[in-house]
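Novice: Let me begin by handing over the structure; questions about it come next.
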Amino acid sequence: MDLQPDMDTEPIVYANDTNKCSPQELQTLCTNIEILSKINQVEILRIFKKHSEMVINENKYGVHINMTDVPDKIICEIQSFLEYVRQQENDLTFIDSQLGMSENYMLQEHKEMCPLINSDS
């Protein structure tokens, strides 16, 4: 009897009528939520809590939600929030780089206008 898993088998598909996501899509969604900052994770939890049909398990290690039981409308709302967070991070990175360039420009201009005093004179 061969106990080795067959690598040519199709991915596991669960019978799920709550949402249309594959297990791989749900895993990706969970991973994206886990890498968020704590404040953004709290916002995701607020999305779950505002829908009374969600079962949220909470213990001293954190909050656990069975993503296979999450309806499509909540998944769409979470995906929209994740896109908002990504866009916000991109905007803040761009603004930060622009501020850095402005600072460098202003410092360079200031150095040209105020030459260093030579201590030999």
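The values are calculated or read from the model by the stated rules, or taken from the named source; none is laboratory data. Predicted model, so just to flag it, every value in this text is computed and none were measured. FYI the Cβ positions are ideal-geometry reconstructions off the backbone, even for glycines, and counts take in every protein chain you see.
Novice: Do you know which of the residues in the range 101-121 that are of a type in the set (S, T, Y) and modelled with pLDDT under 65 is nearest to N19 (Cα to Cα)?
Specialist: First, pick out the residues of the range 101-121 that are of a type in the set (S, T, Y): 102, 105, 119, 121.
Applying the additional criterion that residues be modelled with pLDDT under 65 yields 105, 119, 121.
Working: Y105: 52, S119: 75, S121: 79 Å.
Per the criteria, the residue is Y105.
Novice: Within the range 59-96, track down each residue that is closer than 13 Å to L36 by Cβ and among the aromatic types (F, W, Y).
Specialist: F81, Y84
Novice: Also, I was wondering about something else. Of everything in the range 31-51 that's part of a loop (DSSP other than H, G, I, E, B) and over 14 Å from I65 (Cβ atoms), which residue is farthest from the chain's Cα centre (by Cα)?
Specialist: We begin by selecting, within the range 31-51, every residue part of a loop (DSSP other than H, G, I, E, B); these are 35-37, 50-51.
From what is left, the residues that are over 14 Å from I65 (Cβ atoms) are 35-37.
On the way: I35: 6, L36: 4, S37: 8 Å.
Filtering first and then ranking leaves S37.
Novice: May I ask you to list pairs of residues, at least six apart or on different chains, whose Cβ atoms are under 7 Å apart, with the first in the range 69-93 being farther than 15 Å from E43 by Cβ and the second being among the hydroxyl-bearing types (S, T, Y) and modelled with pLDDT under 95?
Specialist: D69/T18; V70/T18; P71/T18
Novice: Now for a different question. Counting only residues that are closer than 15 Å to S80 by Cα and among the charged types (D, E, K, R), which one in the range 26-69 is surrounded by the most Cβ atoms within 10 Å (Cβ to Cβ)?
Specialist: E43
Novice: Which one of Q98, Q87 is modelled with pLDDT of 85 or more and either touching a Cys at 6+ places or on another chain (Cβ under 7 Å) or part of a helix (DSSP H, G or I) (or both)? First the steps, then the outcome.
Specialist: Numbers: Q98 fails: modelled with pLDDT of 85 or more.
Answer to the check: Q87.
Novice: While we're here: Look through the range 12-30, keep the residues that are over 18 Å from the mean Cα position of the chain (by Cα) and of a type in the set (S, T, N, Q), and return whichever of them is modelled with the highest pLDDT.
Specialist: Step by step, filter the range 12-30, then rank; the result is S22.
Novice: Within the set of pairs 6+ apart or on separate chains, which have a first residue in the range 44-55 that is farther than 16 Å from Q79 by Cα, a second that is part of a helix (DSSP H, G or I), and C-beta atoms under 6 Å apart?
Specialist: Pairs found: M54/F48.
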